[in-house]
1. Scan the range 16-70 residue by residue and report those that are open to solvent by 100 Å² or more (accessible area, probe 1.4 Å) and in contact with a Ser or Thr (Cβ under 8 Å, 6 or more places away or on another chain).
2. Output the residues belonging to the range 1-27 that are out of contact with any Asp or Glu (no Cβ under 8 Å at 6 or more places or on another chain) and either within 20 Å of Trp67 (Cα to Cα) or part of a strand (DSSP E or B) (or both).
Amino acid sequence: MISNVPFQLVIERTEPDKQSESLSCTKLLRFVPGRRRVYEALWNDKIVIAKVFSHTLSAKRHLRREWTGL
């Protein structure tokens, strides 16, 4: 099922201090059933792309790939 936008994601940070941040997802850009959703979002007054993965284990692998690609 595709999420309704806009909505807020709360990110719990661990480094350098433990605090929460909010990400406002404003537009669904891509939906891959059972895998991920890609949103245009607003974070700290900047437009960013947010990928939300469906499975925790594969999300960790994909995160490592994304960081390597940067």
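The values are calculated or read from the model by the stated rules, or taken from the named source; none is laboratory data. Note that the structure is predicted; figures quoted are calculated from it, not measured. Neighbour counts run over all protein chains shown; Cβ positions are idealised from the backbone, glycine included. Surface accessibility is based on the protein's heavy atoms, side chains included, excluding ligands, DNA and RNA. Shrake-Rupley method; radii C 1.70, N 1.55, O 1.52, S 1.80 Å.
1. Correct list: Arg35 only.
2. Answer for the range 1-27, where residues must be out of contact with any Asp or Glu (no Cβ under 8 Å at 6 or more places or on another chain) and either within 20 Å of Trp67 (Cα to Cα) or part of a strand (DSSP E or B) (or both): Phe7, Gln8, Leu9, Glu12, Thr14, Glu15, Pro16, Glu21, Ser22, Leu23, Ser24.
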